[in-house]
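What follows is a single structure, written as structure tokens, with notes after it.
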Amino acid sequence: MTPHLPLVIVTIPSRTPEATRAEIAELRPQGADAVEIRFDRWPREDLPRAAELFPSPLPMLATYRSAAEGGAGRDDLRDRSEILTALADLPFAYLDLELRRDRALIASMGARQRGPTLILSCHLRANDTAEKISELLSGHRPRGAIAKVVLPCGVGRFYREVRPLLHPGGGSHAEIVLTTGASGSLVRAVAPRFGLAAVFAAPPARGLRARGEIAVEPSQLPVDQLRRFYDAGKLGRLFAVTGHPIDHSLSPDIHTLWMEEERKPGLYLALDIESKEELARVLRPLGEDGLLGMNVTHPWKGAALRLADHCGRAAERAGCANVLVRTGRVWRAENFDVSAMLRRLRELRESGAWTDDRLVVIGTGGAARATLVAASELHARVEVLGRSTGHVTRLAREFGAEITGPSSTTASLIVHATPAGRADVPALDISWAGRCGPGTYVLDFVYRPDRPFLREKTLQKGGTYEDGGRLLVYQAAESFEAFWDTRPSLALEQRALQEVLCTA
């Protein structure tokens with residue numbers, strides 16, 4: 001049975017009639033089925049100019065979202081009625097009415113012989129229950145009207161409460177059930193499985209890392225990416241990266257760039273999973289909904305290994321994984337941080353940047369473990385610095401590393417393997433600066449740090465600093481090969497470094 005493809009409605013962020021018309025003209029070739037005009041974002045004095053949008057190359061949905069439901073419009077019922085009635089008199093294909101505020105309008109417009117198809121929307125609060133969704137979807141509505149319910153929820157709650165309300169194989173095609181927050185992009189990706197009437201998308205990203213700047217709702221995916229994935233049907237492949245937090249991740253941008261250049265019909269999401277228990281609960285259902293592979297970052301690398309059915313040699317040696325790949329019902333764990341670090345260490349040695357066989361590793365987590373495995377392949381001697389004496393001792397015993405206290409001996413190479421440097425991570429409280437001096441090369445796992453304390457201190461000491469961008473791209477190339485059975489070219493790796501990470 002071929003899944004019902006939902007309408008892909010692009011929410012236009014423009015705030016003037018002129019900009020809106022220009023944007024609509026660009027969207028049809030990108031795969032939009034319709035466009036949503038958010039009149040609550042327009043200046044009040046421009047609302048009478050809505051008629052200037054006609055004729056339109058795409059069907060249009062008129063929305064005036066109230067402030068009470070997350071929009072910029074007025075909540076006054078008389079004001080809303082005046083604006084929405086005027087919009088209903090124009091040849092819009094769809095009109096959004098809010099179930100909680102527009103009951104009188106719903107009754108009067110539902111009785112019309114002609115007019116736009118009504119989308120009856122309700123934006124729930126985080127504490128609303130799944131029973132509330134069922135109540136809204138099953139409630140009486142005018143003939144032909146579409147019920148739309150939006151609920152903020154995480155990935156775990158989606159699978160626990162919302163997913164059971166959706167039926168594989170298709171629903172009535174007269175319902176829209178969407179979520180915002182951590183599960184929002186996932187619901188849009190799997191919508192064809194459940195016969196939803198429509199999903200809402202963002203305009204195409206104008207350059208990498210631009211999506212967040214143009215999406216009215218952060219959970220919206222770019223229309224061109226969503227359309228390619230939908231149209232590919234069973235050939236489309238779904239991937240993700242998870243961690244907590246995950247907003248900083250550039251993995252979606254890198255994989256999307258490579259999929260587009262290699263003409264691969266895939267979609268790559270960022271999923272913020274808040275606990276290892278939640279990851280354990282959702283991994284199998286994610287696979288059932290089509291997820292074929294997932295990159296894993298801090299702090300779930302250890303959990304990823306424990307949840308896998310099988311693991312590769314590097315993951316087993318490191319005791320953690322940064323990739324999960326699904327074949328059938330079986331998840332395999334891999335650790336491509338190891339191969340990425342090994343590749344970079346060899347390059348640094350060959351270039352003369354790393355001048356001896358010693359290195360200092362700051363940290364005791366998954367990135368540190370990957371570094372220790374890579375260093376052992378090169379028979380390097382490693383010193384470990386960490387906050388917890390117990391963690392350092394266990395790591396040193398496991399990998400044959402050295403434990404050092406405060407020292408003024410300058411190191412040739414220092415690898416920073418903690419997430420410190422991100423805005424949402426506490427400052428590094430491990431003494432390391434005494435090991436840095438002229439000639440020291442500092443390799444940071446953190447890419448594009450929000451707080452570049454490591455770079456500043458390294459340069460102050462006369463050393464050389466490299467952020468984690470190259471390591472990210474190297475492990476992404478390994479992941480891409482595991483997902484698609486083909487490796488991106490060196491030229492595509494370089495493009496990722498230049499365009500995504502803005503580095504040479």
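The values are calculated or read from the model by the stated rules, or taken from the named source; none is laboratory data. In this text the structure is predicted, and so the values were computed from the model without any measurement. We place every Cβ from the backbone using ideal geometry, glycine too, and count neighbours over all the protein chains shown.
Here's the yes/no breakdown for (1) at pLDDT 95 or above; (2) in the same structural domain as I37 (by TED's automatic domain parsing):
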site	(1), (2)
G156	yes, yes
V177	no, yes
G181	no, yes
L186	yes, yes
P192	no, yes
L208	no, yes
E213	no, yes
H248	no, no
S251	yes, no
**Asked** Do you know which of the residues in the stretch 240-249 that are out of contact with any Gly (no Cβ under 8 Å at 6 or more places or on another chain) and assigned to a loop (DSSP other than H, G, I, E, B) is nearest to V473 (Cα to Cα)?
**Response** H248
**Asked** Which residues, counting only those in the stretch 313-337, are part of a helix (DSSP H, G or I), of a type outside the set (A, V, I, L, M, F, W, C) and under 21 Å from the mean Cα position of the chain (by Cα)?
**Response** D337
**Prompt:** In this structure, is E274 under 23 Å from P164 (Cα atoms) and touching a His at 6+ places or on another chain (Cβ under 7 Å)?
**Reply:** yes
**Request:** Could you tell me whether R28 is in contact with a Pro (Cβ under 8 Å, 6 or more places away or on another chain) and assigned by TED's automatic domain parsing to the domain that holds I146?
**Result:** yes
**Message:** Checking the structure you have, find out if any residue of the stretch 415-431 is among the hydroxyl-bearing types (S, T, Y) and either within 30 Å of the chain's Cα centre (by Cα) or under 25 Å from Q498 (Cβ atoms) (or both).
**Reply:** yes
**Request:** Would you tally the residues in the stretch 432-475 being under 29 Å from the mean Cα position of the chain (by Cα), on the phi < 0 side of the Ramachandran plot and charged (D, E, K, R)?
**Result:** 7
**Message:** I'd like to check something: does the stretch 48-55 contain any residue that is on the phi < 0 side of the Ramachandran plot, at pLDDT 95 or above and outside any helix (DSSP H, G or I)?
**Reply:** yes
**Item:** Residues (surrounded by 20 or more Cβ atoms within 10 Å (Cβ to Cβ) and either assigned to a loop (DSSP other than H, G, I, E, B) or in contact with a Leu (Cβ under 9 Å, 6 or more places away or on another chain) (or both)) located in the stretch 265-279
**Value:** G266, L267, Y268, L269, L271, I273, L279
**Fill in**
Taking the stretch 464-504 and keeping only residues that are outside any helix (DSSP H, G or I), crowded, with 19+ Cβ neighbours inside 10 Å and in contact (Cβ under 8 Å) with a residue 40 or more places away in the chain, one is left with P488, L501
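Can you confirm whether V446 is farther than 25 Å from R313 by Cβ and at pLDDT 95 or above?
Yes, satisfied.
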**Request:** Would you please list the contacts, defined by Cβ atoms under 8 Å and residues six or more apart or on different chains, that run from a residue in the stretch 108-127 that is among the polar types (S, T, N, Q) to a residue that is surrounded by fewer than 14 Cβ atoms within 10 Å (Cβ to Cβ)?
**Result:** T117/G144
**Asked** Can A368 be described as crowded, with 24+ Cβ neighbours inside 10 Å, modelled with pLDDT of 95 or more, more than 21 Å from G469 (Cβ to Cβ) and in contact with a strand residue (DSSP E or B) (Cβ under 7 Å, 6 or more places away or on another chain)?
**Response** no
**Fill in**
With criteria (1) buried (at least 16 other Cβ atoms within 10 Å of the Cβ); (2) without any contact (Cβ under 8 Å) to a residue 60 or more places away in the chain, D76 comes up short on (1)
